[in-house]
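Working notes, beginning with the structure itself.
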Amino acid sequence: MAVDTRSLHPICSFYSHSPTVTHIPSPSCYTRRENLLAESEEMSEDTVSPYDEAMEALSSLITKRSRADKSNKGDRFDLLFDYVKILELEEPIKQMKIIHVAGTKGKGSTCTFTESILRNCGFRTGLFTSPHLIDVRERFRLDGLDICEEKFLEYFWWSWDRLKERTSDEMPMPTYFRFLALLAFKIFAAEQVDVAILEVGLGGKFDATNVVENPVVCGIASLGYDHMEILGNTLGQIAGEKAGIFKSGVPAFTVPQPEEAMSVLEQKAAELDVNLQVAAPLDPSLLSSLHLGLEGEHQYLNAGLAIALCSTWLQKTGRVGINYLNQTTSLPEEFIKGLATASLQGRAQIVSDEFIENDNPGDLVFYLDGAHSPESMDVCANWFSIATKEGYIVPNNQTYNDSKALHESGQNAPFRKKSTQILLFNCMSVRDPQLLLPRLVNACASHGVHFNKALFVPNTSVYYKVGSVAPPAADAQVDLSWQIALQRIWENLVIAEKGRDAKNAELTTCEAVNDDTEKGANGSANSTVFTSLPLAINWLRDSARKNQSVRFQVLVTGSLHLVGDVLRLIKK
């Protein structure tokens, strides 16, 4: 029986466009959840909330084995089609007008641009991305907004209960990401989106999103070396895995790629009769004096791919009323607005620490980018170097060019202080820091930017648990062997680095008075390992307060998990 979810949850009514919604939780599931909600009102403050209960259930699906385990490959991909049948999603997935995007870097930004463009064209959008930074609901966006908690819980428990009833030892519950992908299909089907934009989680061929058999159009963002423990050691092998999302006769677009990768993409496309085209980077002059919503020169590449995907989707689905084809001298207004208003946390994001903003406006600024591959380290370093040299943050968190602001504001412009650059870093153990850190240091140095100190921390997030995680207790034993290994690599880089300029030497001296390393597990003049992220943040805040003539510019990179952890601590 079809149920109108708007009558059940008025707070989420803006999500439903039509009076009747199909493929949604059954009435019996509503009764169960309503009972839980009623019971929760009688619980003490220490009792787990319904949402926390869902996070505990979701956490149980996270496998404990290393991603580098070679047995992960494929991992009984055929089971996904059984799960789809259990959730009655076969026909809904066939009916969805899907845009499917894979890639090593830029796929999340491409999906974000794509969703924003089509939403501004007037379509109801569903966007599935990964990972989330703070809340798992970030992965499921409806019309540009995270799905609300009430609707998330309804769809979550309906899907969970159905799978629990039908799975067995021979067909176990889906793993964490597979469940989330299935949940995305359930949400988008129930919410009757006009277009579903799916970002591949890992690889392509065996990714959970690849149960889609008839997308409208596919995209491959920039390829590079990442997840090599699973996808292969060469660009050709990696490209072959990404090309696994190609479907017979379905058009596909990519961006300019290294020759080794491009040849494999072209070969796979030819085998499947796929019309593969290379999308040109967006010409900034087509934005009508506006700027892309996502920062960084590399975003023009992702925006160009998004434009190609949207144009093809509009054409293939027979949408009319928007002049979108062969845009070489102009872009539709809807496209421009979508590109200019797109937003994505944790990628080239600049945030002032709101907890010391009143004391020292803009004195502690975090530059957050979840780069975690060698190529993305280059891009991150270029963005950070340009952002720190040409702009600064004022109290309302807007970024201005120094010379322009001083010229326009006169005496009212913020006093320009000396700046010192700090690195806050962690990466997963499946990454190779011998590739990541040198790329970051060298790219920054090419712009004349040198870090005065590097801070290495374990992530606050627990990899085997979803949801809000409290920092470890002060007396907790934390394994810092990985962070100390990162520190050793850094110290060797500092020794090898030549030609530090005079200004940088002065700032190093200024920093020395704040070298409060007794809180760190291992410290030197150039780097410190902290036992927890909150301790590192507190050290930065203390340093900013003690050195009010210095603006601290902190680059947070190496892990999207780390970026999410920092955002939790610095945003009110």
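The values are calculated or read from the model by the stated rules, or taken from the named source; none is laboratory data. Just so you know, these numbers come straight off a predicted model, no measurement behind them. Note: ideal-geometry Cβ built from the backbone for every residue, glycine included; neighbour counts use all protein chains shown. Surface accessibility is based on the protein's heavy atoms, side chains included, excluding ligands, DNA and RNA. Shrake-Rupley method; radii C 1.70, N 1.55, O 1.52, S 1.80 Å.
The table below lists the values:
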| read-out | value |
| --- | --- |
| Long-range amide H partners of Gly293 with built H, under 5 Å | Ala340, Thr341, Ala342 |
| FRET E, pair Val48, Asp82, Förster distance 35 Å, beta-carbon r, rounded to 0.05 | 0.70 |
| Cβ-Cβ FRET estimate between Gln434 and Lys465, R0 fixed at 35 Å, reported to 0.05 | 0.75 |
| Antiparallel content of DSSP bridges confined to the stretch 73-341, in %, to 5 | 25 |
| Extension gain (nm, one decimal) between Ala485 and Ala525, 0.36 nm per residue minus Cα-Cα | 12.7 nm |
| Accessible area, probe 1.4 Å, largest first, for residues Ser49, Ser289, Ser376 | Ser289, Ser49, Ser376 |
| Full-extension gain in nm, Thr317 to Ala496, via 0.36 nm per residue minus C-alpha separation | 58.8 nm |
| Whole-number percent relative contact order across the stretch 73-341, with pairs defined as alpha carbons under 8 Å at least 6 apart | 25 |
| Highest average packing first - 428-438, 90-100, 377-387, Cβ atoms within 10 Å | 377-387, 90-100, 428-438 |
| Exposure ranking of Lys105, Lys389 by accessible area [1.4 Å probe, largest first] | Lys389, Lys105 |
| Label point distance in nm, Glu165-Glu91, each placed 7 Å from Cα along Cα→Cβ | 1.8 |
